Amino acid sequence: MAWTEFTRSQHRRKTKRYPSDLTDGEWKIVRQLLPGRNRLGRPRKVALRRVWNAIQYLAAAGCAWSLLPKDFPPVSTVRYYFYRWRDDGLLAEINRHLVAAARLAAGRDVQPTAGVIDSQSVKTSENTSLSGYDAGKRIKGRKRHIITDTCGNLIACEVHTANIQDRDGAPRVFARLRREAPKLRHMFADGGYAGPKLRGALVSLGRWTLDAGRWTLQIVKRSDTVKGFEVLPRRWVVERTFAWLGRCRRLAKDWEKSIESAEAWLLIAHIRRVTRLLATD
């Protein structure tokens, strides 16, 4: 996309109270995916748009809950909706719908048939309950495992301790593809996923039959003759997705006490990107 005066006007957010606030077009996309009012109980006193803006602010700024500005709803209210949507699976459902819409907008089928898998080791804070040491990256913290389609859209994610190797952590995120992408049959990966151990784990999942040709795992390796940086086919797609997610400062480090919250912020960061993409189409 070329940066012209027209495209700059589409992406300009100076009129908003905060740059992370939703535009009217973005809110129109998100509003239809959020739950409506309950018929029972007290009527809702806070607008969900303000709650969603507060969550987007936390993701973009990377600040603590206690540092949420006072012009947002109370911290207790925002935290209540965050945990509720996290535990109800609403964030994963929103991401699933937005990925389908983004694929249709790009001229693709709703369900992907090929994906790319990779992991990212990040440091954790001192109050994190679960963490491990990645000897290869020399990082003490957690590892984010993600699977994207060939467009770079986040299909599935799994967060675990950093001491778990890629081939050992991959079956966990592969298992989520049964629900997120049931038609996905071909996977691109790096050399960390090579070997019979991962293939045997995939077969043990029960659904994947490698010998029957229903599932293929293609290892994309670097050339031994090339020195320095090299753009590898397909693998650059998932690396770009990590860069997109990194635009949210909340993900610069894993600050979360629980694995569930760490995965939720990954989904929120991706929802933020896809929402902006669809609103400008």
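Could you check how many residues of the stretch 187-220 are at pLDDT 85 or above and either more than 24 Å from Trp236 (Cβ to Cβ) or exposed (fewer than 14 other Cβ atoms within 10 Å of the Cβ) (or both)?
0
For the stretch 141-148, check the following and say yes or no: at least one residue is farther than 19 Å from Ala243 by Cα and either of a type in the set (S, T, N, Q) or modelled with pLDDT of 95 or more (or both).
no
If I filter the stretch 82-95 for residues that are over 19 Å from Arg249 (Cβ atoms), hydrophobic (A, V, I, L, M, F, W, C) and either in a strand (DSSP E or B) or touching a strand residue (DSSP E or B) at 6+ places or on another chain (Cβ under 8 Å) (or both), do I get at least one hit?
For the stretch 82-95, residues over 19 Å from Arg249 (Cβ atoms), hydrophobic (A, V, I, L, M, F, W, C) and either in a strand (DSSP E or B) or touching a strand residue (DSSP E or B) at 6+ places or on another chain (Cβ under 8 Å) (or both): absent.
Within the stretch 263-281, can you find the residues that are hydroxyl-bearing (Ser, Thr, Tyr) and buried (at least 23 other Cβ atoms within 10 Å of the Cβ)?
Thr275
Residues checked against (1) touching an Asp or Glu at 6+ places or on another chain (Cβ under 7 Å); (2) in a loop (DSSP other than H, G, I, E, B); (3) surrounded by fewer than 17 Cβ atoms within 10 Å (Cβ to Cβ):
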site	(1), (2), (3)
Tyr133	no, no, yes
Arg142	yes, no, no
Ile155	yes, no, no
Arg167	no, no, no
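Considering only residues that are among the β-branched types (Val, Ile, Thr), at pLDDT 95 or above and under 19 Å from the mean Cα position of the chain (by Cα), look in the stretch 62-121 and name the one that is surrounded by the most Cβ atoms within 10 Å (Cβ to Cβ).
Of everything passing the filter in the stretch 62-121, Val99 is surrounded by the most Cβ atoms within 10 Å (Cβ to Cβ).
Does the stretch 109-126 contain at least one residue that is acidic (Asp, Glu), in contact with a strand residue (DSSP E or B) (Cβ under 7 Å, 6 or more places away or on another chain) and either closer than 23 Å to Arg240 by Cα or assigned to a loop (DSSP other than H, G, I, E, B) (or both)?
Checked the stretch 109-126: at least one residue is acidic (Asp, Glu), in contact with a strand residue (DSSP E or B) (Cβ under 7 Å, 6 or more places away or on another chain) and either closer than 23 Å to Arg240 by Cα or assigned to a loop (DSSP other than H, G, I, E, B) (or both).
May I ask you to list the residues in the stretch 45-58 that are surrounded by 11 or more Cβ atoms within 10 Å (Cβ to Cβ) and of a type outside the set (S, T, N, Q)?
Matches in the stretch 45-58: Val46, Leu48, Arg49, Arg50, Val51, Trp52, Ala54, Ile55, Tyr57, Leu58.
So which residues in the stretch 245-260 are buried (at least 16 other Cβ atoms within 10 Å of the Cβ) and either free of Cβ contacts under 8 Å to residues at least 24 places away in the same chain or not charged (D, E, K, R) (or both), if there are any at all?
Leu245, Cys248, Leu251, Trp255, Ile259 - these are the residues of the stretch 245-260 that are buried (at least 16 other Cβ atoms within 10 Å of the Cβ) and either free of Cβ contacts under 8 Å to residues at least 24 places away in the same chain or not charged (D, E, K, R) (or both).
Quick one: how many residues across the stretch 14-30 are under 15 Å from Ala54 (Cα atoms) and over 20 Å from the mean Cα position of the chain (by Cα)?
Final tally of qualifying residues: 5.
Report yes if Cys151 is farther than 17 Å from Ile259 by Cα and not acidic (Asp, Glu), otherwise no.
yes
The values are calculated or read from the model by the stated rules, or taken from the named source; none is laboratory data. All of these numbers come straight from a predicted model, not from anything done at the bench. Note that we place each Cβ from the backbone using ideal geometry, even for glycine, and neighbour counts take in every protein chain shown.
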